[in-house]
Structures are given as structure tokens and as C-alpha cells.
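The values are calculated or read from the model by the stated rules, or taken from the named source; none is laboratory data. All figures in this text were calculated on a predicted structure; none of them were measured in a lab. Every residue, glycine among them, receives a Cβ derived from its backbone with ideal geometry; neighbour counts consider all protein chains shown. Areas reflect the complete protein model, heavy atoms only, side chains present, ligands, DNA and RNA absent. Shrake-Rupley method; radii C 1.70, N 1.55, O 1.52, S 1.80 Å.
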Amino acid sequence: MIFRYRNDVKQALQDGQAVLALESTIIAHGMPYPENLEFAREAEALAQENGAIPATVAILDGEVCIGLDDDQLNRLATDPDVGKVATREIGLTLATGGHGATTVSATMRLSHLAGIKVFATGGIGGVHLGAERDFDVSADLIELSRTPVMVISAGAKAILDLPKTLEYLETMSVPVIGYKTDEFPAFYSRRSGLEIPQRVDDVALIAQTFARQLQLDIECGVLVANPVPEETEISFDEMSVHIGNALSDARKQGVIGKALTPYLLGRIVELTEGRSLVTNRALALNNVKLGAEIARIMSELA
Ligand code: PSU
Ligand code: MN
């Protein structure tokens, strides 16, 4: 068997009830232990409270797991051998019976194959600063352009080139919807100064927008940009300083490729003395809540 479903997830999918996908790279490579495990448990509980069955996605022992139990969450949060799996690494990880935490790209693809339409994360990968030299563009953007799953995010952080990320999404025909905002949020901060042309304040309209795309077999996803709650945001100006320092440390250490995003996230937690982690947790949970509401409305539309 390649797909293993937690029982309640399988049942909910069969019955057409709301299911919300959650990624696992944020657990294995996006936050330190034990905050990562606490976050993973809280995210599952919050989805449930808001009317959707949570399905954290990962690859364990060569199987795609849709919905994890507490032991499996623990394993992802603590085992240093759990790799970071983007879409291109799915095949080899399965073929070797390996383990992997799935990124936004792989989680989208596997959710789609499992029949899950809505997925909540923290922030997406994007076009990296200096991409005109090193071509570092996250596979998340490619997946958004070819896989019909809605992704709820707090935008993307300024470790990325945000204007280029938005341009790329436009080129790749990925709709970007600002939930109650006219600006693309910058993960830790509510504002980036960059305009999003499509603002929607009504959750039901977000669900209907995606339902229409699905009806027409438009194959791309939708990126929902949901700003971090005001009480936990860190200003763009302050974060820019820490991000600049983290980027220069990465350059000095020669960190590139798939190691770069986890390195920067960890370094920023250190540089902000843990404040960025509090913000990261709050924004990701805020996305889970919105994602669960959208998933619930989508299941009622079907
Ligand atoms: N951004 C975050 N937290 C994360 C990630 C991104 O704020 O944990 C993870 C996600 O899993 C995302 C991946 O899909 O990093 C992108 O990695 P890359 O930049 O190597 O494509
Ligand atoms: Mn990359």
C-alpha cells in the first residue's frame, strides 16, 4: 500500500466531510523541538475545533501517510534522519522505504491525490533573493501552478524576494487572494508594501472562488494570504535587520539549495531570541483556523 490514511481521515473523505491538510516540513525543519511537537498537536486540535478533520501529511517507512498519530508526529519532531521532501523527492523516498517531511509542494501534490482540497501552512517558499544569479526558486510556486489545492499562508517571508515571488505567481497564473488585506503579508509582519490585486473579506467567497475553478478543471491552486494576528506581529523594519544578518551568515557558511530555508528559519529564531518562533506559531495556527473554515464551507458546497 502506498497511501495510508488515519481512520477518521479516511471516513471523512468517504463521507465528503471537511478535511484540512497540514504539512510536515514545518514540524521537522521549520521549528525547533519541543515547540514543533506542541505546534503540530495544537494545529490538529484547532482544525478539529473549527469543523475540519486534520490530516498532517508525511512519508514514513515508504508510505504516504495522510493523517498521523501522536507517535508519528513525535517521530517527525525528533528524528534527525527525517529528510525534507519536495515533489521531486517523493518517488525515491517511497522506493527506498524512507521517511520524509513534506514541503508545501509535496503536501499539495499528495493532498490532491488523496482528494483533499484545502491545506494550511505557515509561509510558502518563493523566489529567493539573488535568484537572478543562482536561480533559486522554490518548487512550491511550480506546484501551485499545476495542482488544484488551496493553500492558506501568511504570505512569504522577506528571506525571499517578495516582488519577484508575486510576479512569478502572476506569470504562472496562480490566483493570490488577500484575506481582509490589500497587501501581501510578509509572514512575521502584516504588511510588505506590495499590493495584492484580489482582496476578499468573506470566507464563503474564497471557498466559492475555488469551487468555480474546480468546476472548470482549471488545474492550478489558489494562494490565500492571511496576515499574522496583530498582537504577535514583528514589524517589517525590525525583521529586515534580522533577515539581513541571517542571509549574510548563510552566505559565509556557504549554505545553499534545500538547506537554505531551514537554516535561515533557525538562525532567525536565534537572532530574535525566540520571538520569531512565537510569531511563527501564531500565524500558522491562524491559517489552520481559516483553512478549517474554508474546508467546511467547501464540503457543504459539494
Ligand atoms: N516557510 C516557512 N516555514 C517553513 C517553510 C517555508 O515560513 O517551514 C518550508 C515549507 O515546507 C516550504 C519549504 O514548502 O520550506 C520551502 O523550501 P524551499 O525554499 O527549499 O523550496
Ligand atoms: Mn530552493
Original post:
Only one of (1) of a type in the set (Lys, Arg); (2) touching a strand residue (DSSP E or B) at 6+ places or on another chain (Cβ under 8 Å); (3) within 13 Å of ligand 1 (Cβ to nearest atom) fails for residue 117. Which number is that?
Top reply: (3)
Original post:
With (1) open to solvent by less than 10 Å² (accessible area, probe 1.4 Å); (2) modelled with pLDDT under 95 as the list, and residue 80 as the residue in question, which single condition is left unmet?
Top reply: (1)
Original post:
Within the set of pairs 6 or more residues apart or between chains, which connect a residue that is without any contact (Cβ under 8 Å) to a residue 24 or more places away in the chain inside the range 192-211 to a residue that is part of a helix (DSSP H, G or I) with Cβ atoms less than 7 Å apart?
Top reply: 200/206
Original post:
Has the range 272-280 got any residue that is farther than 26 Å from residue 47 by Cα, of a type in the set (A, V, I, L, M, F, W, C) and either open to solvent by less than 30 Å² (accessible area, probe 1.4 Å) or modelled with pLDDT under 95 (or both)?
Top reply: no
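Regarding residue 226, is this residue within 14 Å of ligand 1 (Cβ to nearest atom) and either touching a strand residue (DSSP E or B) at 6+ places or on another chain (Cβ under 6 Å) or of a type outside the set (Lys, Arg) (or both)?
yes
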Original post:
Is it true that residue 61 is away from ligand 1 (no atom under 16 Å from the Cβ), modelled with pLDDT under 95, charged (D, E, K, R) and open to solvent by 10 Å² or more (accessible area, probe 1.4 Å)?
Top reply: no
Original post:
Right, residue 115: more than 14 Å from the chain's Cα centre (by Cα) and open to solvent by 20 Å² or more (accessible area, probe 1.4 Å) or not?
Top reply: yes
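Would you check if residue 130 is more than 9 Å from ligand 1 (Cβ to nearest atom), over 29 Å from residue 8 (Cβ atoms), open to solvent by less than 30 Å² (accessible area, probe 1.4 Å) and within 12 Å of the chain's Cα centre (by Cα)?
Criteria not met by residue 130.
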Original post:
Mind checking which residues of the range 291-302 are among the aliphatic types (A, V, I, L, M) and crowded, with 19+ Cβ neighbours inside 10 Å?
Top reply: 292, 294, 295, 297, 298
**OP:** Could you run through the range 68-103 and say how many residues are within 15 Å of ligand 1 (Cβ to nearest atom) and closer than 24 Å to residue 17 by Cβ?
**Re:** 1
**OP:** Take the range 1-48 and flag every residue that is among the aliphatic types (A, V, I, L, M) and in a loop (DSSP other than H, G, I, E, B).
**Re:** 1, 2, 18, 31
Subject >> Scope the range 237-264; condition within 21 Å of residue 191 (Cβ to Cβ), within 15 Å of ligand 1 (Cβ to nearest atom) and touching a residue at least 60 places away in the same chain (Cβ under 8 Å); matching residues >> reply: 239, 243, 246, 247, 264
**OP:** Name the single residue, out of those in the range 133-165 being over 15 Å from the mean Cα position of the chain (by Cα) and closer than 16 Å to residue 227 by Cα, that is farthest from ligand 1 (Cβ to nearest atom).
**Re:** 162
**OP:** Look through 51, 97, 91 and report the one residue that is in contact with a helix residue (DSSP H, G or I) (Cβ under 7 Å, 6 or more places away or on another chain), over 21 Å from residue 30 (Cα atoms), away from ligand 2 (no atom under 16 Å from the Cβ) and outside any strand (DSSP E or B).
**Re:** 51
Original post:
Quick one: would you say residue 135 is touching a residue at least 24 places away in the same chain (Cβ under 8 Å) and among the aromatic types (Phe, Trp, Tyr)?
Top reply: no
**OP:** Considering only the range 133-145, state which residues are more than 12 Å from ligand 2 (Cβ to nearest atom) and open to solvent by less than 10 Å² (accessible area, probe 1.4 Å).
**Re:** 143, 144
Original post:
Among (1) more than 16 Å from ligand 2 (Cβ to nearest atom); (2) crowded, with 20+ Cβ neighbours inside 10 Å, where does residue 148 come up short?
Top reply: (2)
